[in-house]
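This report refers to the structure that appears directly beneath it.
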Amino acid sequence: MTKMAGIPFDEVFTAPGDVDARAEILLLSPSILVPCLTYEGHKVWDTLAIAEFLNEIKPKAGLLPAERAARARCRSICGEMHSGFVSLRSALPMNIKASFPGFKIWSKAAADIERIATIWRECLAESGGPWLFGKLSVADAMYAPVVLRFKTYDVRLDSECAAYCERVLEWPALQQWIADAKAEEEEIEELDVEF
């Protein structure tokens, strides 16, 4: 989202296996949650709070739709992404480095996948695409990790949702995120489990 807003930033990486990581993260983020944005000495954590903050300091970047009803819908689907889809998160943990062709999706995760596909189809139909709200927005950034999960676990989607996923995967900021993740030497043991 900072790239979308056109704000240069430095990323601070903290190794998850480091015994001092918790203390280091606490220094960076008072909630110990990441991401945490520090801007002009002020800390903003929580992805939705960061999105709103960036929209306030760079309103011309268009992170949220200009029209009130679309903006409210954008906030709603971002909130649903932020706090929902627990079964999807549990069954398909984020792992950019992995690939599980033919992965068996259990029913609760399948229900989350169908809800996400419904959101995408409705937003694309209402906006006319190519992004969820016509132009690239916070919503697309919030759903980018879902697209990555769908790719990792070989989730089958209808043609409209699959085409949306391809657009997200072609987004230069996401391509950079993928490249950076693949270059990380740190391995997270929980994500190496055989499913």
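The values are calculated or read from the model by the stated rules, or taken from the named source; none is laboratory data. Owing to the predicted nature of the structure, the values given are computational and were not obtained by experimental measurement. Cβ placement follows ideal geometry from the backbone for every residue including glycine, while neighbour counts extend to all protein chains displayed.
Pairs only if they're at least six apart or on different chains, beta carbon under 6 angstrom, first in region 121-132 and within 13 Å of Tyr143 (Cβ to Cβ), second assigned to a loop (DSSP other than H, G, I, E, B) and modelled with pLDDT of 95 or more; list them, first residue then second.
Listed pairs, sorted by first residue: Cys123/Leu132.
Suppose we filter Ser87, Ser83 for residues that are among the hydroxyl-bearing types (Ser, Thr, Tyr), under 27 Å from Phe150 (Cα atoms) and surrounded by 12 or more Cβ atoms within 10 Å (Cβ to Cβ); which single one remains?
Of the residues listed, the single one that is among the hydroxyl-bearing types (Ser, Thr, Tyr), under 27 Å from Phe150 (Cα atoms) and surrounded by 12 or more Cβ atoms within 10 Å (Cβ to Cβ) is Ser87.
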